[in-house]
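Inspection log for the structure reproduced underneath, given as structure tokens.
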């Protein structure tokens, strides 16, 4: 963003190098998502360091201008050692780069959270069943029966629940209010 708004001759254009390093590192984390947690954590850490370095190096310019001072208005000559004030493009580029840099830091923390809160990355070994198989009961063999006989036998063996009967509740005494006795 400093290049877009401030131009290539901007004093904050050097921030592009650490931001590109961070972008490459976060992209590598996306491509290497099957690696171990340690490898991905190290790459996310490098990306975070690059983003923070870029943000800090970008914000040294306004601090330097505030401490050392700036040149007077344009018709006056600029004394040696002083710089011109921030341009509107540099100021806008710094704001946009700061917003995107902070968003990239949150993206890195979200990536770390999904790595450490998610399931462990499965190994390449074939999974082994840990629960023993269920034994099937062996039924005695007999001659096949007609479907009507089987259905009637199934309905006769099922217990039937008794019909629902509503029980009568005793009558409650009428409510007496304590305020009515006054």
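For region 31-45, filtering for residues that are assigned to a helix (DSSP H, G or I) and at pLDDT 85 or above leaves 9.
The residue that is modelled with the highest pLDDT, counting only those in region 6-15 that are in a helix (DSSP H, G or I) and touching a helix residue (DSSP H, G or I) at 6+ places or on another chain (Cβ under 6 Å), is 15. Considering only residues in region 55-90 that are closer than 17 Å to residue 15 by Cα and without any contact (Cβ under 8 Å) to a residue 24 or more places away in the chain, the one that is farthest from the chain's Cα centre (by Cα) turns out to be 64. The residues in region 57-100 that are under 22 Å from residue 17 (Cβ atoms) and outside any loop (DSSP other than H, G, I, E, B) can be counted, and the count is 21. The set of residues in region 23-56 that are surrounded by fewer than 15 Cβ atoms within 10 Å (Cβ to Cβ) and touching a helix residue (DSSP H, G or I) at 6+ places or on another chain (Cβ under 6 Å) contains only 37. Check region 158-166 and report whether any residue there is exposed (fewer than 10 other Cβ atoms within 10 Å of the Cβ), modelled with pLDDT of 80 or more and out of contact with any helix residue (DSSP H, G or I) (no Cβ under 9 Å at 6 or more places or on another chain). Within region 158-166, one or more residues are exposed (fewer than 10 other Cβ atoms within 10 Å of the Cβ), modelled with pLDDT of 80 or more and out of contact with any helix residue (DSSP H, G or I) (no Cβ under 9 Å at 6 or more places or on another chain). Considering every residue within region 129-143, establish whether at least one is surrounded by 10 or more Cβ atoms within 10 Å (Cβ to Cβ) and at pLDDT below 75. So far as region 129-143 goes, no, none of its residues is surrounded by 10 or more Cβ atoms within 10 Å (Cβ to Cβ) and at pLDDT below 75. For residue 170, the criteria (1) modelled with pLDDT of 80 or more; (2) in a loop (DSSP other than H, G, I, E, B); (3) within 29 Å of the chain's Cα centre (by Cα) hold in every case but one, which is (3).
The values are calculated or read from the model by the stated rules, or taken from the named source; none is laboratory data. What you see is a predicted model; the values in this text were computed from it and never measured. Backbone-built Cβ (ideal geometry, glycine too); neighbour counts: all protein chains shown.
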